[in-house]
1. Out of (1) under 19 Å from LEU263 (Cα atoms); (2) within 14 Å of the ligand (Cβ to nearest atom); (3) of a type outside the set (D, E, K, R), what's the single condition that is false for ILE7?
2. Evaluate region 11-34: report whether one residue or more is modelled with pLDDT of 95 or more, under 23 Å from THR80 (Cβ atoms) and part of a strand (DSSP E or B).
3. Would you point out the residue of region 158-177, among those that are among the hydrophobic types (A, V, I, L, M, F, W, C), away from the ligand (no atom under 16 Å from the Cβ) and crowded, with 16+ Cβ neighbours inside 10 Å, that is farthest from VAL213 (Cα to Cα)?
4. Could you list, in sequence order, all residues of region 34-45 that are within 16 Å of the ligand (Cβ to nearest atom) and over 15 Å from the mean Cα position of the chain (by Cα)?
5. Which one is farthest from the ligand (Cβ to nearest atom) among residues in region 51-67 that are part of a loop (DSSP other than H, G, I, E, B) and hydrophobic (A, V, I, L, M, F, W, C)?
6. Could you check ARG240 against (1) outside any helix (DSSP H, G or I); (2) in contact (Cβ under 8 Å) with a residue 12 or more places away in the chain; (3) not acidic (Asp, Glu) and say which number it fails?
7. Return the residues of region 79-89 that are farther than 17 Å from LEU60 by Cβ and surrounded by fewer than 16 Cβ atoms within 10 Å (Cβ to Cβ); say none if nothing qualifies.
8. Can you pull out every residue in region 90-110 that is basic (Lys, Arg) and buried (at least 17 other Cβ atoms within 10 Å of the Cβ)?
Amino acid sequence: MAGGFRIIGHRGARGLFPENTLEGFQGAWALGVRAFELDVGLTRDGVAVVAHDPVLNPDLTRDAAGAWLPGPGPAIHALTAAELAGFDVGRLRPGSRAAGLFPRQRPHDGARVPDLAAVLAALPAAEWIIEIKTDPTRPDLTAPPDLLADAVLTQIDRADAAARVVVESFDWRIQAYVRRVRPDIGLAYLTRPDAPADPWWAGIDPADHGGSVPACVAAAGPAGCAWAPAFAQLTRAALREAHALGLAVLPWTVNAPADMRRLIGWGVDGIITDDPDILAAVTAAAGNSTTPTRG
Ligand code: MG
């Protein structure tokens, strides 16, 4: 993934469509979105599926009888793909926090947690940032990193998508593994303020890098990799440092137009947003969507 500024739809386009669903990716594509972030987990029987939470989220999941889940769970890793296909994730639970956050989201009753294979096959020209969801503090909740990464790589190859994907994770064991077995695959390094370097950064110690997060990313990753920080933790100085280190910078999840304008003005390489339609309007108005000012 190289070239100009990227508008990247978060979980498809969560502000507009049910997150991480085939219907959502297709709906966003129809609106002109060409790059997407999505999240991947693994079922008990080894199917890579597109879902954010390691356990089913009661704010967006109904069972086969149409009843909202009474609480979080079961874990995707504990279900077979066939069992998972019995759940409907096409609507936000009325009154939930998510429903309040995304009032524009149009429901699509009957939407299922899709296989990664089906999503990649549905949009053969799209670019994908594939977030692999493992947690070094909760090994019980997901498949091991290598197993999950291998399942994702298999689907990337089946879709002939290697040149159109970037693999990312907060758990940098994922990138270390992918870098070792598939150095041709693009990588991004997710960071957030509440995830300490140990155990998330696979042995990279900020003390060895002057406490600089972009320097840690540059130490962990190959040339040309990306840093994907929580946007609130990104400063203009850190962006400059990252660019000087050769990193692309892809902040998430930026939904307020004022924040979009500020980050575009700073020269970020792309923005991950729940509202790619709003970001498209902001970039069009800014008139600099493909030539952001560096520095
Ligand atoms: Mg994600």
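The values are calculated or read from the model by the stated rules, or taken from the named source; none is laboratory data. Only a predicted model underlies this, so the values are computations on that prediction, with no experimental measurement involved. Neighbour counts run over all protein chains shown; Cβ positions are idealised from the backbone, glycine included.
1. All conditions are met except number (2).
2. Taking every residue of region 11-34 in turn, none turns out to be modelled with pLDDT of 95 or more, under 23 Å from THR80 (Cβ atoms) and part of a strand (DSSP E or B).
3. Quick first cut of region 158-177, residues among the hydrophobic types (A, V, I, L, M, F, W, C) only: 159, 161-163, 165-167, 170, 172, 174, 176.
Cutting the leftovers down to away from the ligand (no atom under 16 Å from the Cβ) gives us 159, 161-163, 176.
Still in the running and crowded, with 16+ Cβ neighbours inside 10 Å: 159, 161, 176.
Details: ALA159: 33, ALA161: 29, ALA176: 17 Å.
Looking at residues that are among the hydrophobic types (A, V, I, L, M, F, W, C), away from the ligand (no atom under 16 Å from the Cβ) and crowded, with 16+ Cβ neighbours inside 10 Å, I get ALA159.
4. At the first step, the residues of region 34-45 found to be within 16 Å of the ligand (Cβ to nearest atom) are 35-42.
Matches in region 34-45: LEU42 only.
5. At the first step, the residues of region 51-67 found to be part of a loop (DSSP other than H, G, I, E, B) are 51-54, 56-61, 63-67.
Now restrict to residues that are hydrophobic (A, V, I, L, M, F, W, C): 51, 56, 60, 64-65, 67.
Numbers: ALA51: 10, LEU56: 16, LEU60: 15, ALA64: 27, ALA65: 30, ALA67: 27 Å.
If we take residues in region 51-67 being part of a loop (DSSP other than H, G, I, E, B) and hydrophobic (A, V, I, L, M, F, W, C), then ALA65 is farthest from the ligand (Cβ to nearest atom).
6. (1)
7. The first filter runs over region 79-89 and keeps only residues farther than 17 Å from LEU60 by Cβ, leaving 80-83.
Hits for region 79-89 are THR80, ALA82, GLU83.
8. Applying the first criterion (basic (Lys, Arg)) to region 90-110 yields 91, 93, 97, 104, 106.
Selection gives ARG91 alone.
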